[in-house]
Structures are given as C-alpha cells and as structure tokens.
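Taking it in order: structure first as structure tokens, then the write-up.
The values are calculated or read from the model by the stated rules, or taken from the named source; none is laboratory data. Predicted, not measured: the structure shown is a model, and the values here were computed from it. All Cβ positions, even for glycine, are placed from backbone atoms using ideal geometry, and neighbour counts span all protein chains on display.
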Amino acid sequence: MVVHKNSKKRLKTKKIISTYVPKFSTQLILKQKGLFVEKQIEAARRIISKKTNRVSKAYMQYYSTSSLTKKPKGSRMGKGKGKFDKYIFKYKPGAVLLLLNCVTKGLSISALKYALKKLPKFKIYIS
C-alpha cells in the first residue's frame, strides 16, 4: 500500500506587473540574506492591516521555496527523514519583501515599524 503525503498549496501572491510606484509607497528592502517562516510574514501582514485601518494595500512578493523537516524528540537514529515541520522562504540581499501603498507616508512607516517586531532581526531598509 502506497501512502502519498498531501503537499501544501502555495499561498496566493499578488505580483506587481508594472514598474509604476504610487506617490505614497513604502518598501521593505532586505540588506542581507536569510530565512523567513510563513507564520512570521503572515503576522506582519496582519499588523499592517490593523495599524492602517485596512485602508492601505500591501503587496508581498514571497514564495514557499523549501520546507524543513523534523523528527520527533524521542525517536532513534535512522528510519527516514522525518515529517514536514515548517515552510520557509529564502531571500537574497536587495530583495523587496513588502511594498505598501498608503494614504500618508507617516502612517505607512509607523505600521511597518510595528510589523518589524514580528520579523527576525535582519538588517532592513525602509524607503
């Protein structure tokens, strides 16, 4: 009997098709490479929508590139790789993690500062 694991579906992402940047747009640009867990980015997105009273539009460009596996704590060596634990996103320096279109620039910067508390401690540039 063959048992197939259910593969996780990719998140629906919104791609920015044109290079047009609106008047009040703010970007999160990464300055070093690193890993993000799916839950961290979702928590940051929720905080941005709360702080801007759902007026702004956030464009996130991320894809689930790989998964991490983990064996149970009490298991012995051998007998396979283990179950899926987390889905992660790998980033390179200079990547735009988030593009936020908001009514005012001050509101967008304050929302991004709250969202940075949910992300790992990377060198991030807000423009």
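General observations
- LYS105 meets the conditions (1) in contact with a Leu (Cβ under 8 Å, 6 or more places away or on another chain); (2) closer than 23 Å to GLN61 by Cβ in every case but one. The failed one is (1).
- The stretch 84-109, residues that are within 19 Å of the chain's Cα centre (by Cα) and β-branched (Val, Ile, Thr): ILE88, VAL96, ILE109
- Tally of residues being of a type in the set (Phe, Trp, Tyr) and either assigned to a strand (DSSP E or B) or surrounded by fewer than 12 Cβ atoms within 10 Å (Cβ to Cβ) (or both) across the stretch 57-75: 2
- Restricting VAL96, VAL37 to residues that are modelled with pLDDT under 85 and under 25 Å from LYS121 (Cβ atoms) narrows the list to VAL96.
- Residue match in the stretch 86-108 (condition: farther than 19 Å from GLU38 by Cβ and among the charged types (D, E, K, R)): yes
- Residue check: LYS33 meets all listed conditions (1) out of contact with any helix residue (DSSP H, G or I) (no Cβ under 9 Å at 6 or more places or on another chain); (2) of a type outside the set (Val, Ile, Thr); (3) surrounded by 14 or more Cβ atoms within 10 Å (Cβ to Cβ) but one, namely (3).
- Number of positions in the stretch 57-78 that are at pLDDT below 85 and among the aliphatic types (A, V, I, L, M): 2
- Any hit, the stretch 76-83, residues being over 19 Å from the mean Cα position of the chain (by Cα) and assigned to a strand (DSSP E or B): yes
- Test set (1) modelled with pLDDT of 85 or more; (2) surrounded by fewer than 16 Cβ atoms within 10 Å (Cβ to Cβ); (3) not small (Gly, Ala, Ser) - LYS23 fails condition number: (1)
- Of the listed requirements (1) assigned to a strand (DSSP E or B); (2) surrounded by fewer than 12 Cβ atoms within 10 Å (Cβ to Cβ); (3) modelled with pLDDT under 85, ARG54 misses just one: (1).
- Test set (1) within 14 Å of LEU99 (Cβ to Cβ); (2) modelled with pLDDT of 80 or more; (3) aliphatic (A, V, I, L, M); (4) not in a helix (DSSP H, G or I) - ILE17 fails condition number: (2)
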